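The values are calculated or read from the model by the stated rules, or taken from the named source; none is laboratory data. What you see is a predicted model; the values in this text were computed from it and never measured. Here the Cβ is made from the backbone with ideal geometry for all residues, glycine too, and neighbour counts use every protein chain on show.
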Amino acid sequence: MTLLAKGRAITLLGLCGLVGVYVRALAFTPVERVQGLAQKIYYLHVPAAIWAETAMIFVGLAGAFYLFLKDERLDRFAASSAEVGTVFATIVLTTGPIWGKPIWGTWWTWDARLTSTLLLFFVYVGYLLLRAAVVDPFLRSRYAAVLGICGMFLVPFIHFSVYLFRTLHPGPIVLKPSAPSLPAPMLVTWAVSVAVFTVLYVGFVTQRYALAVRGAAPERGEAGPG
Amino acid sequence: MVSAEGLRHAYGAVVALDDVSFTLGPGHTLAIFGPNGAGKTTLLRVLAGLVRPNGGSARVAGGRHAIGWIDHQSHLYGDLSVRENLEFWATLYGVPRAARAPRATALVKRLGLAARADTPVRTLSRGLMQRAAIARALIHEPPVLLLDEPFTGLDLAAAAELRALLAELRGAGRVVVLTTHNVDEGVELASDVAFQHRGRFVAFGPRGTRSAAEIAAAYRQAVRTDDA
Amino acid sequence: MRETLREAWTIARKDLVLEFRTRTALLSAFVFTALVLTVFYFGRDPTAVATIDLAPSILWVTFTFAAMLALNRAFQLELEHGALDGLLVSPLSRPGLYLGKLVANLAFVALIEAVGLPLFVLFFDVPVWPVLLPLLGVMALATTGFVAVGTLFSAMVIRMRFAELMLPVLLLPFLFPPLLGAVQITARLFGGRPLSEAGGWLRLLAAYDILFVSLATLLFRHTVDE
């Protein structure tokens with residue numbers, strides 16, 4: 001089984017899982033009293049946000065290791081992770097307004113999670129533009145690593161600054177020190193959804209990585225002796 | 001003093017260095033001949049520490065402090081005068097403060113730049129700019145000189161002057177590595193010659209008593225054999 | 001350490017001499033600052049919004065845009081006759097080169113701010129005198145942070161196509177935390193509120209400076225060495 005086929009299989013598994021999450025969310029999880037059906041999007045929105053950020057951390061870590069080891073697989077993984085992170089950030093930025101319209105009465109609000117994801121999205125776009133703008137493959141890998149590492153360290157700063165700036169986003173519901181305030185069935189659905197998004201991340205990255213290997217072969221795979 | 005061991009480097013699919021090895025002791029001048037794209041510039045950039053080779057190793061005794069480097073660019077700031085440029089580079093190379101100005105003065109005099117020493121480099125002609133670039137490379141009195149096509153852009157008189165200068169520098173026990181695509185240039189300076197083709201040293205050895213014409217013939221022969 | 005600082009000073013002094021000798025960049029930056037401030041004055045409805053409410057944002061958007069101009073030229077002047085390669089062959093340490101560029105850029109931006117601030121006070125009639133010292137402190141804190149990141153990125157973009165466009169695209173997400181912090185603190189200063197109220201923001205700015213100056217010093221060599 002090739003890497004690409006593996007990636008496709010994992011992605012398919014993730015997509016089935018996503019369908020499962022939504023069957024469970026719509027049919028077997030109670031409807032939230034205040035927000036109504038709109039709350040269902042939460043199962044898509046929050047896991048996507050978590051993985052959009054985690055993907056950036058992986059981009060930074062892969063970049064840091066690349067600078068030491070100069071192993072192009074790390075660079076390829078960073079690029080793949082960045083592209084998947086961009087997709088997840090886009091999911092957050094589109095599901096946010098869909099949820100926001102019925103609940104907040106406006107499509108876009110500068111709430112904490114949307115703002116930080118938007119900035120993260122800009123970092124990703126810059127990262128992908130930089131990769132496109134540098135022709136030399138070795139220079140590109142190094143520059144991308146430097147930007148990725150900086151991006152990774154920027155994430156907490158963005159978080160903290162939007163937190164200091166007032167927010168009207170619903171406060172953390174699951175990941176907070178006291179017991180989760182989500183009713184148990186919703187919590188289970190949410191946890192399953194996070195797991196499903198993890199599978200999706202792995203699937204997407206694997207596919208993207210396999211495609212990068214295929215695309216890179218004539219460019220640098222046989223780059224020369226040593 | 002300068003040595004290379006199994007150097008390999010490639011830019012994508014283009015091989016620039018292919019198993020290059022040599023050793024040069026004090027007083028030796030190596031002239032590397034080769035067509036454009038043979039990898040001569042890459043070799044000098046590896047020796048200068050600008051490019052990390054894909055494989056093998058290069059060593060220059062004394063490290064970065066020991067290297068004087070000239071290539072097709074002058075590495076000078078257009079808005080600074082020749083003297084200011086020289087003093088800036090002297091500072092970077094750790095030349096003691098008291099020695100900077102006298103050394104700069106001596107160099108501009110030696111290179112025939114005294115009249116223009118205080119004008120901005122931007123206003124110099126191509127030939128004078130090249131002399132200023134040579135002065136820059138010599139300001140820290142480096143024991144090793146790496147010269148990439150040093151005769152390019154010089155008229156006949158200036159080229160002859162540069163040859164005289166290089167002969168003088170070689171006399172002081174320096175190691176000189178110079179590249180050129182023209183066999184007539186620099187061959188009389190060389191103690192050793194190498195022919196580089198497609199990244200490889202197809203021949204390397206002492207010049208002996210061979211004349212430029214003999215070396216040119218050997219060079220054509222070596223390159224042809226390599227192609228076959 | 002002493003050696004690194006000595007090198008940094010050699011580079012910075014050379015850059016500043018070059019800057020004062022040509023003066024074009026500096027003068028353009030002054031004119032640009034004056035123009036942006038003028039445009040901002042008319043780019044609002046004076047009957048609806050009080051100047052003082054907009055003043056902090058105007059001040060900081062002007063400063064960041066002007067800084068962007070300064071950053072673009074930092075490594076540009078090393079390219080003219082291949083001076084950068086000369087620096088890299090010389091014994092100059094990479095942190096020394098980075099810190100030298102950082103100091104020169106900071107001096108350049110400080111000069112722009114020194115001209116911009118009186119103009120700003122003149123145009124917008126902001127009571128700046130009572131809070132001058134803390135304001136200068138905030139300016140130093142915020143400027144150091146974004147110039148540190150900008151100096152690192154400007155070393156990368158010089159070898160790319162569309163360098164002038166790439167720098168803002170890469171840099172603006174990174175400007176978000178210091179810019180936000182600077183605006184918030186400045187607003188509190190102009191509002192006559194105690195600086196202690198902005199303690200969180202000050203800590204954010206300080207942490208940003210420390211992290212990104214160190215990170216950029218470490219990462220810089222990967223942007224210039226082959």
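Which of the numbered conditions does A:GLY60 fail, given that it passes all the others? Conditions: (1) modelled with pLDDT of 95 or more; (2) within 17 Å of A:ARG208 (Cα to Cα); (3) within 14 Å of chain C (Cβ to nearest Cβ).
Among (1) modelled with pLDDT of 95 or more; (2) within 17 Å of A:ARG208 (Cα to Cα); (3) within 14 Å of chain C (Cβ to nearest Cβ), the lone unmet condition for A:GLY60 is (2).
Which residues, counting only those in the range B:51-66, are among the hydrophobic types (A, V, I, L, M, F, W, C) and either outside any helix (DSSP H, G or I) or facing another protein chain (nearest Cβ under 7 Å) (or both)? Full working, then the answer.
Just the residues of the range B:51-66 that are among the hydrophobic types (A, V, I, L, M, F, W, C), to begin with: B:51, B:58, B:60-61, B:66.
Of everything in the range B:51-66, those that are among the hydrophobic types (A, V, I, L, M, F, W, C) and either outside any helix (DSSP H, G or I) or facing another protein chain (nearest Cβ under 7 Å) (or both) turn out to be B:VAL51, B:ALA58, B:VAL60, B:ALA61.
Could you list, in sequence order, all residues of the range B:83-108 that are of a type in the set (Asp, Glu) and either more than 19 Å from B:ARG131 (Cβ to Cβ) or touching a residue at least 12 places away in the same chain (Cβ under 8 Å) (or both)?
Within the range B:83-108, the subset of a type in the set (Asp, Glu) is B:84, B:87.
Hit for the range B:83-108 is B:GLU87, nothing else.
For the range C:154-188, give me each residue that is more than 19 Å from A:SER161 (Cα to Cα), at the interface with another protein chain (Cβ under 7 Å from one of its Cβ atoms) and either in contact (Cβ under 8 Å) with a residue 24 or more places away in the chain or polar (S, T, N, Q) (or both).
C:MET156, the sole residue that qualifies.
Consider A:VAL84 against the criteria (1) surrounded by fewer than 23 Cβ atoms within 10 Å (Cβ to Cβ); (2) at pLDDT below 95: it satisfies all of them except one. Which criterion is unmet?
Exception for A:VAL84: condition (1).
Only one residue in C:THR223, C:THR217 is assigned to a helix (DSSP H, G or I), out of contact with any His (no Cβ under 8 Å at 6 or more places or on another chain) and away from chain A (no Cβ under 11 Å). Which one? Talk me through it step by step, then tell me what you get.
On the way: C:THR223 fails: away from chain A (no Cβ under 11 Å).
Step by step, each of C:THR223, C:THR217 is checked, and only C:THR217 is assigned to a helix (DSSP H, G or I), out of contact with any His (no Cβ under 8 Å at 6 or more places or on another chain) and away from chain A (no Cβ under 11 Å).
Working carefully through the options C:ALA114, C:ALA55, find the one that is surrounded by 22 or more Cβ atoms within 10 Å (Cβ to Cβ) and either more than 14 Å from chain B (Cβ to nearest Cβ) or within 17 Å of the chain's Cα centre (by Cα) (or both).
C:ALA55
Output yes when any residue across the range A:78-91 is free of Cβ contacts under 8 Å to residues at least 60 places away in the same chain and closer than 30 Å to B:GLY55 by Cβ, and no when none is.
Initially, the range A:78-91 is screened for residues free of Cβ contacts under 8 Å to residues at least 60 places away in the same chain, giving A:85-86, A:89-91.
Of the ones still in play, those that are also closer than 30 Å to B:GLY55 by Cβ are none.
No - not one qualifying residue is present in the range A:78-91.
Would you check if there is a residue in the range C:85-101 being within 17 Å of the chain's Cα centre (by Cα), modelled with pLDDT of 95 or more and surrounded by fewer than 23 Cβ atoms within 10 Å (Cβ to Cβ)? Spell out how you get there, then give the answer.
Here is the first cut: in the range C:85-101, the ones within 17 Å of the chain's Cα centre (by Cα) are C:98-101.
Right, trim to modelled with pLDDT of 95 or more and you get C:98-101.
Applying the additional criterion that residues be surrounded by fewer than 23 Cβ atoms within 10 Å (Cβ to Cβ) yields none.
No, the range C:85-101 has no match at all.
Suppose we filter B:ALA167, B:ALA135 for residues that are buried (at least 21 other Cβ atoms within 10 Å of the Cβ), under 18 Å from the mean Cα position of the chain (by Cα) and either small (Gly, Ala, Ser) or farther than 24 Å from B:GLY62 by Cβ (or both); which single one remains? Break it down into steps so the answer makes sense when it comes.
Numbers: B:ALA167 fails: buried (at least 21 other Cβ atoms within 10 Å of the Cβ).
On inspection, the qualifying residue turns out to be B:ALA135.
Residues checked against (1) small (Gly, Ala, Ser); (2) without any contact (Cβ under 8 Å) to a residue 24 or more places away in the chain; (3) out of contact with any strand residue (DSSP E or B) (no Cβ under 6 Å at 6 or more places or on another chain):
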site	(1), (2), (3)
C:ARG21	no, yes, yes
C:PHE32	no, no, yes
C:GLY43	yes, yes, yes
C:ALA50	yes, yes, yes
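What are the residues in the range C:34-46 that are among the polar types (S, T, N, Q) and more than 20 Å from C:PRO127 (Cα to Cα), if any?
First, the residues of the range C:34-46 that are among the polar types (S, T, N, Q): C:38.
Across the range C:34-46, there are no qualifying residues.
Count, please, the residues in the range C:78-87 that happen to be part of a helix (DSSP H, G or I) and either of a type in the set (Asp, Glu) or under 11 Å from C:LYS101 (Cα atoms) (or both).
Kept after step one, since they are part of a helix (DSSP H, G or I), are these residues of the range C:78-87: C:78, C:83-87.
Then drop every residue that is not either of a type in the set (Asp, Glu) or under 11 Å from C:LYS101 (Cα atoms) (or both), which leaves C:78, C:85.
Looking only at that region, the number is 2.
Quickly run through the range B:138-160 and pick out the residues that are part of a helix (DSSP H, G or I) and either at pLDDT 90 or above or surrounded by fewer than 17 Cβ atoms within 10 Å (Cβ to Cβ) (or both). I'd like the intermediate steps shown before the answer.
Here is the first cut: in the range B:138-160, the ones part of a helix (DSSP H, G or I) are B:138, B:156-160.
Answer for the range B:138-160, where residues must be part of a helix (DSSP H, G or I) and either at pLDDT 90 or above or surrounded by fewer than 17 Cβ atoms within 10 Å (Cβ to Cβ) (or both): B:LEU138, B:LEU156, B:ALA157, B:ALA160.
Only one of (1) farther than 27 Å from C:GLY200 by Cβ; (2) modelled with pLDDT under 85; (3) charged (D, E, K, R) is not met by A:ASP111, so which one is it?
(1)
Among A:THR117, A:THR109, A:THR94, A:THR54, which is hydroxyl-bearing (Ser, Thr, Tyr), within 14 Å of chain C (Cβ to nearest Cβ) and more than 26 Å from B:HIS9 (Cβ to Cβ)? Lay out the reasoning, then the answer.
Values: A:THR109 fails: within 14 Å of chain C (Cβ to nearest Cβ); A:THR94 fails: within 14 Å of chain C (Cβ to nearest Cβ); A:THR54 fails: within 14 Å of chain C (Cβ to nearest Cβ).
Among A:THR117, A:THR109, A:THR94, A:THR54, only A:THR117 is hydroxyl-bearing (Ser, Thr, Tyr), within 14 Å of chain C (Cβ to nearest Cβ) and more than 26 Å from B:HIS9 (Cβ to Cβ).
Which one of the conditions (1) within 10 Å of chain B (Cβ to nearest Cβ); (2) in contact with an Asp or Glu (Cβ under 8 Å, 6 or more places away or on another chain); (3) crowded, with 19+ Cβ neighbours inside 10 Å; (4) not basic (Lys, Arg) does C:PHE63 fail to meet, given that it meets all the rest?
In the conditions (1) within 10 Å of chain B (Cβ to nearest Cβ); (2) in contact with an Asp or Glu (Cβ under 8 Å, 6 or more places away or on another chain); (3) crowded, with 19+ Cβ neighbours inside 10 Å; (4) not basic (Lys, Arg), C:PHE63 misses (1) alone.
Taking A:ARG131, is it crowded, with 16+ Cβ neighbours inside 10 Å, of a type outside the set (Ser, Thr, Tyr), within 20 Å of A:GLY215 (Cβ to Cβ) and at pLDDT 90 or above? Explain how you work it out, then say what you get.
Details: crowded, with 16+ Cβ neighbours inside 10 Å: yes; of a type outside the set (Ser, Thr, Tyr): yes; within 20 Å of A:GLY215 (Cβ to Cβ): yes; at pLDDT 90 or above: yes.
For A:ARG131, the condition - crowded, with 16+ Cβ neighbours inside 10 Å, of a type outside the set (Ser, Thr, Tyr), within 20 Å of A:GLY215 (Cβ to Cβ) and at pLDDT 90 or above - is met.
Quick test of your reading of the structure: B:VAL82 fulfils all but one of (1) facing chain C (nearest Cβ under 9 Å); (2) among the β-branched types (Val, Ile, Thr); (3) within 16 Å of B:THR119 (Cα to Cα). Name the failing condition by number.
The failed condition is (1).
Identify the residue in the range B:169-225 that is without any contact (Cβ under 8 Å) to a residue 24 or more places away in the chain and aliphatic (A, V, I, L, M) and, among all such residues, is nearest to B:ASP18 (Cα to Cα).
Taking the candidates together, the pick is B:ALA203.
For B:LEU43, indicate whether it is in contact (Cβ under 8 Å) with a residue 60 or more places away in the chain, over 16 Å from C:LEU87 (Cβ atoms) and within 13 Å of chain C (Cβ to nearest Cβ). Working first, answer last.
Details: in contact (Cβ under 8 Å) with a residue 60 or more places away in the chain: yes; over 16 Å from C:LEU87 (Cβ atoms): yes; within 13 Å of chain C (Cβ to nearest Cβ): no.
So B:LEU43 fails the test.
Which numbered condition trips up B:GLU87, out of (1) buried (at least 22 other Cβ atoms within 10 Å of the Cβ); (2) out of contact with any strand residue (DSSP E or B) (no Cβ under 9 Å at 6 or more places or on another chain); (3) closer than 21 Å to C:TRP9 by Cα?
With respect to (1) buried (at least 22 other Cβ atoms within 10 Å of the Cβ); (2) out of contact with any strand residue (DSSP E or B) (no Cβ under 9 Å at 6 or more places or on another chain); (3) closer than 21 Å to C:TRP9 by Cα, B:GLU87 is out only on (1).
Pick from B:PHE33, B:PHE88: which is at pLDDT 95 or above and either within 24 Å of B:LEU162 (Cβ to Cβ) or more than 11 Å from every other protein chain (Cβ to nearest Cβ) (or both)? Before you say what the answer is, go through the steps one by one.
Numbers: B:PHE33 fails: at pLDDT 95 or above.
Of the residues listed, the single one that is at pLDDT 95 or above and either within 24 Å of B:LEU162 (Cβ to Cβ) or more than 11 Å from every other protein chain (Cβ to nearest Cβ) (or both) is B:PHE88.
From the list A:ILE41, A:ILE103, which residue is touching a Ser or Thr at 6+ places or on another chain (Cβ under 7 Å), over 24 Å from C:PRO177 (Cα atoms) and surrounded by fewer than 21 Cβ atoms within 10 Å (Cβ to Cβ)?
Only one candidate passes the filter, namely A:ILE41.
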